[in-house]
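Chemist: Let me give you the structure first, and then I'll get to my questions.
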Amino acid sequence: MRLGTPSDIKLIDENGLRVDGRTPEQLRPIKIQTDVLNRADGSAYIEWGGGNKIMVAVYGPREAYPRHTQDIERAIVKARYNMAAFSVDERKKPGPDRRSVEISKVISEALQAAILVEQFPRAQIDVFIEVLQADAGTRIAGLTAASVALAAAGVPMRDLVVGGCTAGKVDGQIVLDLCREEDNFGQADLPMAILARSGKVVLIQMDGDLTTEEFDRATSMILNATKRINQIQREALQGKYIAEQGGE
Ligand code: CDP
């Protein structure tokens, strides 16, 4: 959500460091935990930086309801992105709004590309993404956790994980993984998500403007970061499987 750049806000200091002290290519710390909810078929909790806290619950595949929504050839993936009223500075009015409907749609489509939906005709897979605390990058953090929750639920996937990151332009420089000040007052942001194995891009959106060179630099930064993020996703899932086999 860009608010334009007030001239008195400096987002990169004289040492080239960002408002939260990171270098241009540095990710915020990411932690993912699986199986945090008892009643869901699969779940994951992600903390992306200290500021983003998101819970994901997966249900299904189960018979799609109401029946007229069923697709006789494949499962439908219904992701619902929701921000808690207390997740942002100004109380967020409960319920869907234009932004959450858009984010739910792009996440559903990204997950649909990762899941072997043709194995489950007439079914639906529900993915609830509850943002408890937001600090920019929630659609990508939510999607990254959703992919882990789906794998933890045993939903067959074409590609084990879909993960991604946001890059953008602040004070004329391309930087990775925007924090809220950078997202709000920077000149561009570009969230992107990729299937780990095939490298297929399944989500890309852009706000603001970039030259083609800047766009190339931003996407290559994201591709690099995605490898690291996929590793964190795999580690979260390995933790789950080690525990299930009676390990620590
Ligand atoms: O979260 P993401 O970057 O995917 O989406 P965004 O629309 O670019 O929003 C960026 C950030 O603005 C969110 O992560 C929140 O921290 C903040 N925001 C807010 O404070 N109030 C809202 N109603 C929506 C977003």
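Chemist: Which members of the range 111-169 meet the condition of being among the acidic types (Asp, Glu) and either assigned to a strand (DSSP E or B) or open to solvent by less than 10 Å² (accessible area, probe 1.4 Å) (or both)? Walk me through it before giving the result.
Modeler: Looking only at the range 111-169, we keep the residues that are among the acidic types (Asp, Glu), and these are 118, 126, 130, 135, 159.
Scanning the range 111-169 gives Asp126, Glu130, Asp159.
Chemist: Which residues, taken from the range 144-187, are at pLDDT 95 or above, within 13 Å of the chain's Cα centre (by Cα) and closer than 18 Å to Ala75 by Cβ?
Modeler: Across the range 144-187, the qualifying residues are Ala146, Ser147, Ala149.
Chemist: Does Ile30 satisfy the condition of being in contact with a helix residue (DSSP H, G or I) (Cβ under 8 Å, 6 or more places away or on another chain), among the hydrophobic types (A, V, I, L, M, F, W, C) and within 19 Å of Gln238 (Cα to Cα)? Talk me through it step by step, then tell me what you get.
Modeler: Details: in contact with a helix residue (DSSP H, G or I) (Cβ under 8 Å, 6 or more places away or on another chain): yes; among the hydrophobic types (A, V, I, L, M, F, W, C): yes; within 19 Å of Gln238 (Cα to Cα): yes.
Yes; evaluated as a whole, the condition is true for this residue.
Chemist: Hey, any hits in the range 69-85 for a residue that's within 12 Å of the ligand (Cβ to nearest atom) and β-branched (Val, Ile, Thr)?
Modeler: No, the range 69-85 contains no residue that is within 12 Å of the ligand (Cβ to nearest atom) and β-branched (Val, Ile, Thr).
Chemist: State all residues of the range 204-234 that are acidic (Asp, Glu) and surrounded by fewer than 12 Cβ atoms within 10 Å (Cβ to Cβ); if no residue qualifies, say none.
Modeler: Selection gives Asp209, Glu213.
Chemist: Run down Tyr81, Tyr65 and say which single residue is outside any helix (DSSP H, G or I) and open to solvent by 10 Å² or more (accessible area, probe 1.4 Å).
Modeler: Result of the check over Tyr81, Tyr65: Tyr65.
Chemist: Suppose we keep only residues that are small (Gly, Ala, Ser) and under 16 Å from Ser43 (Cα atoms) within the range 235-248. Which one would you say is surrounded by the most Cβ atoms within 10 Å (Cβ to Cβ)?
Modeler: Restricting to residues being small (Gly, Ala, Ser) and under 16 Å from Ser43 (Cα atoms), the top hit is Ala236.
Chemist: A follow-up question, please. Please work out if Ile174 is in contact with a helix residue (DSSP H, G or I) (Cβ under 7 Å, 6 or more places away or on another chain), away from the ligand (no atom under 15 Å from the Cβ) and farther than 23 Å from Ala44 by Cα.
Modeler: So Ile174 passes the test.
Chemist: Tell me which of these Ile115 doesn't satisfy, since it passes every other one: (1) free of Cβ contacts under 8 Å to residues at least 40 places away in the same chain; (2) under 23 Å from Gln238 (Cβ atoms).
Modeler: It fails just one condition, (1).
Chemist: For Ile103, which of the numbered conditions (1) closer than 19 Å to Ala44 by Cβ; (2) open to solvent by 50 Å² or more (accessible area, probe 1.4 Å) fails to hold?
Modeler: With (1) closer than 19 Å to Ala44 by Cβ; (2) open to solvent by 50 Å² or more (accessible area, probe 1.4 Å) applied to Ile103, the lone miss is (2).
Chemist: Turning to a different aspect of this structure: I'd like the full set of residues that are over 19 Å from Val162 (Cβ atoms) and of a type in the set (A, V, I, L, M, F, W, C), limited to the range 229-248.
Modeler: Ile242, Ala243
Chemist: If I ask for residues that are open to solvent by 70 Å² or more (accessible area, probe 1.4 Å) and outside any loop (DSSP other than H, G, I, E, B), which ones from the range 16-39 would you list?
Modeler: Lys31, Gln33
Chemist: Do you know which residues across the range 177-211 are more than 14 Å from the ligand (Cβ to nearest atom) and in a loop (DSSP other than H, G, I, E, B)?
Modeler: Ala196, Arg197, Ser198, Gly199, Lys200, Asp209, Leu210, Thr211
This table checks each residue for (1) small (Gly, Ala, Ser); (2) modelled with pLDDT of 95 or more; (3) under 19 Å from Ala151 (Cα atoms).
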{"residue": "Val101", "(1), (2), (3)": "no, yes, no"}
{"residue": "Val117", "(1), (2), (3)": "no, yes, yes"}
{"residue": "Ala123", "(1), (2), (3)": "yes, yes, yes"}
{"residue": "Val127", "(1), (2), (3)": "no, yes, yes"}
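The values are calculated or read from the model by the stated rules, or taken from the named source; none is laboratory data. These numbers come from a predicted model, not from an experiment. Cβ sites come from the backbone with ideal geometry, for glycine too, and all protein chains shown count toward neighbours. For the accessible areas, the whole protein counts, side chains as well, though only heavy atoms, and no ligand, DNA or RNA atoms are used. Shrake-Rupley method; radii C 1.70, N 1.55, O 1.52, S 1.80 Å.
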